[in-house]
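Contents: one structure, followed by commentary.
The values are calculated or read from the model by the stated rules, or taken from the named source; none is laboratory data. Here the structure is a predicted model, which is why all the values come from computation and not from measurement. No Cβ is skipped: glycine too gets one built from the backbone with ideal geometry, and neighbour counts run over all protein chains shown.
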Amino acid sequence: MRSTCSTDSRTAAVTTGTLYVVATPIGNLRDITLRALDVLKAVDLVAAEDTRKTARLMAHFGLSAPLISYHEYNEAARAPDLVGRLQQGAAIALVTNAGTPGVSDPGYRLVTAAVDAGLRVVPVPGVTAATAALSASGLATDAFVFEGFLSKKAGRRLQQIQTLAYETRTVILYESPQRIRVLIEELIVAFGDRRAVLAREMTKLHEELIRGRLSEVLSTLRSRAEVKGECTLLVAGRTEAGPSSWETAREELRRGLKSRSRGLSELAREVAHNHGLPRQAVYAEAMKIKAERTSSENGSDSISND
């Protein structure tokens, strides 16, 4: 265990028995903070999501603290061991491959276990893709909701999307480059064609922010053979539709139901898209109008049969 003597410049940045939650760069290595470098230099151990990637980061800055793996597949078993080391006086830094631990990355279990054990947990803040993208998006920043990665389970995912469709705050999502087009297609159905920004390769050489309606962002991505880099998608919050918007939508629903040229779900999806209204709300309105029409038609039949 290293000494904590105040004359030891190596350890001036840390105290014993403390867990440091250290943010690391999401791309550009120069985004690391001076304080993060001080902490990583002084701790007894660095718990890393991927020790190989963190070793390259450490080597770049001439750091040599011992590394131990801590990722989503071993965190349940590793957390008690790390808490035990903290209780014995070790100063430990928790890092992920990029960004802030615990924000759509491993870290929650260890932080919670340390807090429950009465240990000191210290944040060493830095860059996070969500806030970096939000700051340059041009969308509302006074209130936002960060959902991270949506569930891969179809039922749970649909529920999440339908709930987010009613959010009036800016919505921030993470998605892989392989699935980003599918995600935007899903959002258009539920959200309507809202303003959006796709931030790709944040802080890296090929950083890109694609702005426009969701359909325009999707069109840009469809024009490319492939999409590269982790993606942060920001979507404008819902704005309350005025009475005129809803009345126009209802008229369109009535015409569509009368013509019977499309199924109810397809009709609701199209009307929601045309008027920027939540699909589920439009579908419910379509069901109501259909029920009223059926009731009216049945009533007419009863009168004519008398």
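Beta carbons closer than 7 Å, at least 6 apart along the sequence or on distinct chains, pair a first residue in the range 40-51 that is over 12 Å from Ser64 (Cβ atoms) with a second that is of a type in the set (Asp, Glu) for Glu49/Asp105. Name the residues in the range 146-166 that are touching an Asp or Glu at 6+ places or on another chain (Cβ under 9 Å) and part of a loop (DSSP other than H, G, I, E, B), would you? Selection gives Leu150 alone. The test for being over 28 Å from the mean Cα position of the chain (by Cα) and hydroxyl-bearing (Ser, Thr, Tyr) does not hold for Ser69. The residue that is nearest to Val282 (Cα to Cα), among those in the range 190-204 that are surrounded by fewer than 21 Cβ atoms within 10 Å (Cβ to Cβ) and of a type outside the set (D, E, K, R), is Ala190.
Residues that are assigned to a helix (DSSP H, G or I), touching a residue at least 40 places away in the same chain (Cβ under 8 Å) and farther than 29 Å from Arg200 by Cα do not occur anywhere in the range 119-128. If you go through the range 45-55 and keep only what is of a type outside the set (Ser, Thr, Tyr) and crowded, with 19+ Cβ neighbours inside 10 Å, you end up with Val46, Ala47, Ala48, Glu49.
The criterion of at least 3 residues that are farther than 25 Å from Phe149 by Cα and at pLDDT 80 or above is met by the following helices (runs of 4 or more DSSP H) wholly inside the range 211-287: 243-259, 264-275.
For the range 28-41, state whether one or more residues are at pLDDT 95 or above, farther than 27 Å from Ala113 by Cβ and surrounded by 15 or more Cβ atoms within 10 Å (Cβ to Cβ). Yes, the range 28-41 contains at least one residue that is at pLDDT 95 or above, farther than 27 Å from Ala113 by Cβ and surrounded by 15 or more Cβ atoms within 10 Å (Cβ to Cβ). Within the range 168-190, the set of residues being of a type outside the set (A, V, I, L, M), out of contact with any Leu (no Cβ under 7 Å at 6 or more places or on another chain) and either in contact (Cβ under 8 Å) with a residue 40 or more places away in the chain or in a strand (DSSP E or B) (or both) comprises Thr168, Arg169, Tyr174, Ser176, Pro177, Gln178. Residues of the range 256-278 that are among the basic types (Lys, Arg) and within 23 Å of Ser215 (Cβ to Cβ): Arg262, Arg269.
If you go through the range 70-90 and keep only what is more than 16 Å from Val46 (Cα to Cα) and either aromatic (Phe, Trp, Tyr) or surrounded by 19 or more Cβ atoms within 10 Å (Cβ to Cβ) (or both), you end up with just Tyr73.
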